[in-house]
Every structure is written in structure tokens, then in C-alpha cells.
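A.B. asks: A single structure is presented below for examination.
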Amino acid sequence: MKKLFVILLTVAFFGCNDDDSTDDPIFCTEDLRPGLEVTVTDGINGDPITEGVNVVVVDGQYTETLIHIEGTGTFVGAYERVGTYIITATKEGYNDSTTAEPTIVEEDACHVITEKVSVVLQKK
């Protein structure tokens, strides 16, 4: 009986170590987050423009056309995708606009960190 007690005590002692570091657990959600939120504005009046606007992002060989969210002046994309993006906005009657510097999308423990970018289009 004493042997059984010693075995159980030993198992309990070693089973209760703190190598399971749950002091700061991370709880991630399953929602998708855009890596990029792009707002396109008119260079003269500063108003957001979306009608007929095309926003394309490129990261190396990867290319994506961003989606306009109805009711907003925002185009989103690069969902859960880290990268270094060049952003180009086009619209008929305006000069194309490409970002001068790449936009870097990084991630935290769960999701990408959304980068908000503004692009200005100038009328021809």
C-alpha cells in the first residue's frame, strides 16, 4: 500500500509542473481579416470615389483586385496574407496612381494586422 501511495504522489508531483505556460493564453477568432483597407479620394475635393475605381495590389508574383465594400469608401483584400504590396488605383478620366512606397502587411499571433492606405486620384 505504501508503494502505491509513493507512486501516486510521484505522478501527482511531476504531473503538476508549470511547463504548460497558460499564464497568458491566446484566444484567436476564426474570422478573416483583410491585410489592406484602401480609401481612394478625388485629388481636387478630397471626396471618396468608388464608382468605376479599380484597385490592384501586387506582391511579387501575387496580384489581387481589391473588393469595394458597399456603402463605404473602402476597398479591401489580401485577406490573412502577409506581404509587401504595391497599390495601384485607376479610374477612367483620372491619372493612374501607384503608391510611392510599398505597404507592408504583418501578422500577430492570430491574424494579419490590417494596413489602412489612402490613394489620391487626380483628374486628367
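A.B. asks: Are any residues in segment 71-114 more than 24 Å from G52 (Cβ to Cβ) and assigned to a strand (DSSP E or B), and if so, which ones?
C.D. replies: G83, T84, I104, V105, E107, V112
A.B. asks: Suppose we filter T84, T74, T99, T114 for residues that are buried (at least 16 other Cβ atoms within 10 Å of the Cβ), β-branched (V, I, T) and in contact (Cβ under 8 Å) with a residue 24 or more places away in the chain; which single one remains?
C.D. replies: Step by step, each of T84, T74, T99, T114 is checked, and only T74 is buried (at least 16 other Cβ atoms within 10 Å of the Cβ), β-branched (V, I, T) and in contact (Cβ under 8 Å) with a residue 24 or more places away in the chain.
A.B. asks: Could you grab the pairs with beta carbons closer than 6 Å, sequence gap of 6+ or different chains, first residue in segment 24-53 and over 19 Å from E92 (Cβ atoms), second one of a type in the set (F, W, Y) and surrounded by 10 or more Cβ atoms within 10 Å (Cβ to Cβ)?
C.D. replies: Final answer for the pair search is L32/Y79; P34/Y79.
Each value in this text was obtained by applying a stated rule to the coordinates, not by laboratory testing. Keep in mind it's a predicted model, so treat the numbers as computed, not measured. Positions of Cβ are backbone-derived with ideal geometry, glycine not excepted, and every protein chain shown enters the neighbour counts.
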